[in-house]
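Take a look at the structure set out below.
The values are calculated or read from the model by the stated rules, or taken from the named source; none is laboratory data. If you're wondering where the values come from, they're calculated on a predicted model, not measured in any experiment. So basically every Cβ, Gly included, is an ideal-geometry build from the backbone, and we count neighbours across all protein chains shown.
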Amino acid sequence: MILAVLFANSEGNILVERFNGVPAEERLHWRSFLVKLGADNLKGVKNEELLVASHRSVYIVYTVLGDVSVYVVGKDEYDELALAEVIFVITSAVKDVCGKLPTERLFLDKYGRICLTLDEIIWKGYLENTDKDRIRRLVRLKPPTEF
Amino acid sequence: MAQPFLKKDDDHDDEVDYSPFLGIEKGAVLQEARVFNDPQLDPRRCSQVITKLLYLLNQGETFTKVEATEVFFAVTKLFQSRDLGLRRMVYVIIKELSPSADEVIIVTSSLMKDMTSKTDMYRANAIRVLCQITDGTLLTQIERYLKQAIVDKNPVVASAALVSGIHLLQTNPEIVKRWSNEVQEAVQSRAALVQFHALALLHQIRQNDRLAVNKLVSSLTRGSVRSPLAQCLLIRYTSQVIRESASNTQTGDRPFYDFLEGCLRHKAEMVIFEAARAITELNGVTSRELTPAITVLQLFLSSTKPVLRFAAVRTLNKVAMTHPIAVTNCNIDMESLISDQNRSIATLAITTLLKTGNESSVDRLMKQITTFMSDIADEFKIVVIEAIRSLCLKFPLKHRSLMNFLSNILREEGGFEYKKAIVDSIVILIRDIPEAKESGLLHLCEFIEDCEFTYLSTQILHFLGIEGPKTSDPSKYIRYIYNRVHLENATVRAGAVSTLAKFGAMVDSLKPRIFILLRRCLFDTDDEVRDRATLYLNTLGADGAVEDMKEFLFGSLDIPLVNLERSLKNYEPSEESFDINSVPKEVKIQPLAEKKAPGKKPTGLGGPPPGPPSTIDAYEKLLSSIPEFANFGKLFKSSAPVELTEAETEYAVNVVKHIFDGHVVFQYNCTNTIPEQLLENVTVIVDASEAEEFAEVASKPLRSLPYDSPGQTFVAFEKPEGVPAVGKFSNMLRFIVKEVDPSTGEAEDDGVEDEYQLEELEVVAADYMLKVGVSNFRNAWESMGPDCERVDEYDLGPRENLAEAVNAVINLLGMQPCEGTEVVPSNSRSHTCLLSGVYIGNVKVLVRLQFGIDGPKDVAMKLAVRSEDEAVSDAIHEIVASG
C-alpha cells in the first residue's frame, strides 16, 4: 500500500499531505520524519533525482521538483521500485499541470488541479493511473484517447 | 477572504512570496461555502471554494461533525451544475468529507444516476465515490452495475470498478467474491492497467485457495502479461506457489524457475529486479540458480538510477547473510558505492562489504569507512557498528585495528543509541577475544571519564568490576573508577563503589588501598552510596569464607526481576523478614496446555486464577490449603496443563504435575460440558504399574461437578526423595452421574456410577528441571568451573533440519535457552545452543550443546554439562542418552 504522499516547500512547510492506512496519531511523526529526511539529504540534489530510504519495513522515495519536495511512502508491494514508478507519475503529472517546474506559488495556484491529479494517480493507497496524458484528460472528465 | 484567487496568467515568479492561501481561515471558508446554495451556481467560484476546503483538509485541519455535515449537504446541491470541472471537484470533496451512513443517502441517487450515465467518466468517478462511502446494503443494490463496469469497454471505468473491488474485499468479501467471473475476464483485457488491477483483485479473491492460485499462475506465466506492474505481481504470486509447492517436490527441477529466469531478460527494470529478488529468496536456492540473478543485480549496482542501486544493494545485502561467496564478485562495484551521495545506499554497501570481505581487505575497508562515518546519521552508524562487530568476531586477528576504530568513534559526538552500540560491541569483543581485553577495557575507562550517559557509565563500571580484577595489572583501573566517585551523579557513584569492592575482593594486594577509598565514600551525600560503602567495608573486612563474599559480590541474581518485584509487593511488613528464597525462580509459566489435544479451548484452572504470572503462587496456595499435601514441603515446580481428553468431548480434563522433593501431585482440572448432567464424587483412578518408583499416598475427590463449572481432583504419589523418577500413568475418570432437568436445573436424587477413559500421562526428566536463565552465560559457565563437567557426544540420527534437533533437545531437558541461542539461522550447518536451569535439589545446571548436520541430514551433538554436583551432570547425560 502507498502509505503517504507528501509535498513540502523548501522550508519544510506542508503543502499537500495525504495518508492511507496510517493511524491519525502516527501522522505527525511521519510528517516530521519525512521533512527532516528531506532537510538532511535534499540540499543540492538535482530536480527529479530520486533519493531512497527504508525505515523498518517501509520504503520512502523522495525528490525535489522546482521549489517543492515530494515524498512517497509505501510498504509491501509498494517497495522502492514501485514507489519510483509512483513518484515518476506524480512528478510528471505535476509538471504537466504547472506547465514547467513548479515554484511554490505556481504549485499553490494550481492546487485544485493538483489535488484532482493526485486523486487520479493514487486512490486509497493503490496506484490507479500512470500516464500523464491520460491523467490530464481524466481530471477534465474526458475519456482516455486510446479508448 | 477577498484575495484574488487563481489569476489567469501563470507567470508569478516576481511574486514568489505571495500565496493564494495566505491568511486562509476555516471559519471564513465555511462561510464562503454558502455559495453552493445559490440558485444561480457559479462553477468557477464553487471550484475555488472546494480547492480551499481541500487545502485545509490537506494541511491536517479537521471539521467538526456539524461543519462537515453542513458542507456536505451544500456540496450535494452542486450536482445540479453540468460543468465538468466542477463535477470532478465535487467527486473529490465528497470522498474527502467521507459522510456518515445517515448522510450518504442524500447523494446516493445522484451518484447512482451518474453511475448509469452515458458519460463514461461520470460512471468511473461515481463508482469510486460510491464504493468509498457505501455500506453492505447499498452495495447489494449497485452490485449489478459494478459487475458490468468490471468488463466495461472503457478501461477507466473497468479500473475504477476493479480497484473498488480491492477495497471492498476488506469489508464485504462475500459480495466481491461473487465477481470472480467478470474479474477473470478482465485479467485477459488488452488494457495494461485493467489487467494489472484485475490480477491483483483475482489473487486477493483466491488467495486462500492454493489450487486456484497455482492455476492462475500456470496460465499467466504461459501467456503474455501486458504491463510491467502486472508482471511484477505475477512474479510475486509465482514465488508464493514455488514456496508452497517446494515441500512436495524434493527432487528434480524447481517448478516455474524457468519463468523467473526468463523474466531476468525482460525489458522493464522493475520486472528484472523483481525476478532477481524472487530467485534470491527461494528456499534452499542453489549457486546455479543464484548466479544469473546476482549478475543482473551487479549490473544494477552501477545504474544511474539511485532507486535501482538501492534495490540491488539491499537485495545483495540480504543474500550476503546466507551466501556470502555468491556476492563476492560484486565487491568492486559495491566499494564504489561507499561514496554514493545517497547515504542509505552507502550504508548498505558498507555493511554488505563487511559481510563478504576477507581478512586482507579489512584495513582498506576501515580506512574508507572512517571518512564515511562523519557524514551519516546515527541510525546508519549503528548499522555499521553492528557489521564491524560481526567482522571482528569473524577475523579475531584484526581486533587491533577494529578496536581502535571503535574507540576513535566513541570519542566523537553521538546520541545514546549510537554510543550504546559501540560500547556493546567493545564489551562483546572483550568477552570473545582474550587478546583484545586489556586495550578494550582501557578504551572503556577513557570513555567513562567523559561520558554523559549514566546508563552507559554504570554498565561499564559493572563490567570493569568483573573483568578488571582478572587482568595482569588491575591497579591501573582504580584511578578511573575512583574518579567517578568524585565527579559523577549518585547512580554512577554507587556503581563505582560496587566496582571498587569487587577489585578489593578479588585482588588481595589492592585490598588495603580499596579500604581507604571505600572509607572515604562513607561521607558521600547520597545514602545509597554510603550504604553500599558500609556494606562492602563490612563484607570485605569480615572473617567469613572468601567464597561466600565472592558469591555475594559476583553471584548473579538467579531470580527473575518481575518475580522479585511481585514478591516484594506482596510482602507485608512483619516480624518475619523478607526471605529471598521464597521468590519463585521459574522464568514464566506456559499459559497454554502442552498440545496433546490441539484445537481445544482452554478449560481454565478452576479455583486458582489462571493468569500466567500468578499461577505458581496460586498453585502453591491451593496445595498448601489441602491438609493431605501440607507436609510435602516446598513446591519445586508445576508443569503446564497437559490435555488428557480430545477436543469437543463430554468431559474435558487436563492435568498439572506438581513436583515436590519426595512427592508428586497430579491436579486434574475437570470440566463437565453436558448441561443435562451433574457429576458427583469425581475421582481419577491412576494405574502406576509403569511407574515403579511411585506409590499412591492420597487422593482427593471432587464432590460435585456441575455443567460448565470447572473443578479439581488430586492424586498424590510418594517417590524416592530428590530422585528424578520417571514413569507412565494411565488414568480413568470415575464419577456418579445424575440427570439434570434443563428447565429447572434440578438434579435427580439417584445417580449411576460411570467411568471415562482418559489419556496416559508421563512424568519425564524435564519435570525436574526449572527454567532459570542466567544473564551472562559465559561468566556463569566460567564461574561454575570444570570440576563437575561432563562431556560426551551423541548421534541424533536423521532430522528434518538443525532447528528441529535443537528444539527436541531443549524440550527433552526442559531448560531455559540463553542469549537467544534457541534460534537456528536457516540453512545453518552447525549451531551452538546454551541452556541453563535448576535441577531438583536446587542444583544449578548449565549446558552447552554443539550441533552439526551432514549431507544426509544426520545430526551429531556434543553435550557439555556443568553443574554444582557431578551426579547431576551425569543425570543430564542420562536424560539425553535415554531420550
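Overview of values
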| item | result |
| --- | --- |
| The stretch B:154-166: number of residues that are hydrophobic (A, V, I, L, M, F, W, C), within 11 Å of chain A (Cβ to nearest Cβ) and over 18 Å from residue B:207 (Cβ atoms) | 4 |
| Given (1) within 37 Å of the chain's Cα centre (by Cα); (2) at pLDDT 85 or above, index of the condition residue B:663 fails | (1) |
| Where residue B:4 falls short, out of the listed (1) part of a loop (DSSP other than H, G, I, E, B); (2) at pLDDT 70 or above; (3) within 12 Å of chain A (Cβ to nearest Cβ) | (2) |
| Wholly enclosed helices (runs of 4 or more DSSP H) of the stretch B:24-138 bearing at least 3 residues among the hydroxyl-bearing types (Ser, Thr, Tyr) and within 14 Å of chain A (Cβ to nearest Cβ) | B:43-58 |
| Residue B:169 being touching a Gly at 6+ places or on another chain (Cβ under 9 Å) and either away from chain A (no Cβ under 14 Å) or in a helix (DSSP H, G or I) (or both) | no |
| Unique match (being surrounded by fewer than 21 Cβ atoms within 10 Å (Cβ to Cβ), modelled with pLDDT under 85 and touching a Lys or Arg at 6+ places or on another chain (Cβ under 7 Å)) among B:324, B:255 | B:324 |
| Residues of the stretch B:845-876 satisfying the condition of being crowded, with 18+ Cβ neighbours inside 10 Å, in a helix (DSSP H, G or I) and not polar (S, T, N, Q) | B:872, B:875, B:876 |
| In the stretch B:42-69, the residues that are crowded, with 18+ Cβ neighbours inside 10 Å and over 43 Å from the mean Cα position of the chain (by Cα) | B:46, B:47, B:48, B:49, B:50, B:51, B:52 |
| Residues (within 13 Å of chain B (Cβ to nearest Cβ) and of a type in the set (S, T, N, Q)) located in the stretch A:61-90 | A:63 |
| Among residues of the stretch B:130-167, those that are aliphatic (A, V, I, L, M) and surrounded by fewer than 22 Cβ atoms within 10 Å (Cβ to Cβ), counted | 6 |
| Flag for residue A:100 being within 8 Å of chain B (Cβ to nearest Cβ) and basic (Lys, Arg) | no |
| Number of the condition not met by residue A:108 [criteria: (1) in contact (Cβ under 8 Å) with a residue 60 or more places away in the chain; (2) out of contact with any Pro (no Cβ under 8 Å at 6 or more places or on another chain)] | (2) |
| Selection from the stretch B:258-293 of residues that are among the basic types (Lys, Arg), assigned to a helix (DSSP H, G or I) and modelled with pLDDT of 90 or more | B:277 |
| Residue list for the stretch B:175-201, filter: more than 22 Å from residue A:120 (Cα to Cα) and assigned to a helix (DSSP H, G or I) | B:175, B:176, B:177, B:178, B:179, B:180, B:181, B:182, B:184, B:185 |
| Pair list, Cβ < 9 Å and 6+ apart or interchain, from the stretch B:200-215 residues that are within 14 Å of another protein chain (Cβ to nearest Cβ) to residues that are charged (D, E, K, R) | B:200/A:77; B:203/B:236 |
| Qualifying residue in the stretch A:32-43 (condition: at the interface with chain B (Cβ under 9 Å from one of its Cβ atoms) and surrounded by 22 or more Cβ atoms within 10 Å (Cβ to Cβ)) | no |
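Residue by residue, here is whether (1) outside the structural domain of residue B:656 (by the TED database); (2) among the hydroxyl-bearing types (Ser, Thr, Tyr); (3) part of a strand (DSSP E or B) holds:
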| position | (1), (2), (3) |
| --- | --- |
| B:680 | no, no, yes |
| B:684 | no, no, yes |
| B:728 | no, no, yes |
| B:735 | no, no, yes |
| B:743 | no, yes, no |
| B:753 | no, no, yes |
| B:756 | no, yes, yes |
| B:781 | yes, no, no |
